[in-house]
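Comments concern the structure below.
The values are calculated or read from the model by the stated rules, or taken from the named source; none is laboratory data. Remember, it's a predicted structure, so these values are computed and weren't measured experimentally. In this analysis, Cβ positions are derived from the backbone assuming ideal geometry, glycine residues included, and neighbour counts consider all displayed protein chains.
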Amino acid sequence: MAARRPRWHVHFTPTSASWINQVEGFFAELTQKQIRRGAHRSTHQCEQAIRDLCIDTVNDDPKLFRWTRSTDHILVSIKRFCLAAAKVADNQAKILKTSESDTRPRSDRTGHQPLSLEAGT
């Protein structure tokens, strides 16, 4: 795909700053500035105000977003996350394996005797 579109550039994004975070930020600002503060008599009027005042204004003066982290720093962060996730998965597998293989009664595993409901014991 990149060969067919030589002007396209691939950018690695940190997991905490994905494109969905940017979209959520835009809608949060839109909600705060236009929807909550506006006095709209109809849905159509609200939609028109959003288009005119917010979307057109943002598109008229777009701001370029620049990543502050280097590619190497992002890849190190991804590696650290993957190693931590693998460790958690390994620990969960060990716990599951231990619980499945231990068929002894609970009293044998903990060293405590089960409570008896019989009188005098």
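Find the residue count for the stretch 18-49, including only residues that are farther than 30 Å from residue 78 by Cβ, of a type in the set (D, E, K, R) and not in a loop (DSSP other than H, G, I, E, B). Residues in the stretch 18-49 being farther than 30 Å from residue 78 by Cβ, of a type in the set (D, E, K, R) and not in a loop (DSSP other than H, G, I, E, B): 2 in total.
Residue 28 meets the conditions (1) surrounded by 10 or more Cβ atoms within 10 Å (Cβ to Cβ); (2) at pLDDT below 85 in every case but one. The failed one is (2). For beta carbons closer than 7 Å, sequence separation of 6+ or different chains, a first residue in the stretch 22-34 that is outside the structural domain of residue 48 (by TED's automatic domain parsing) and a second that is among the β-branched types (Val, Ile, Thr) and part of a helix (DSSP H, G or I), there are no qualifying pairs.
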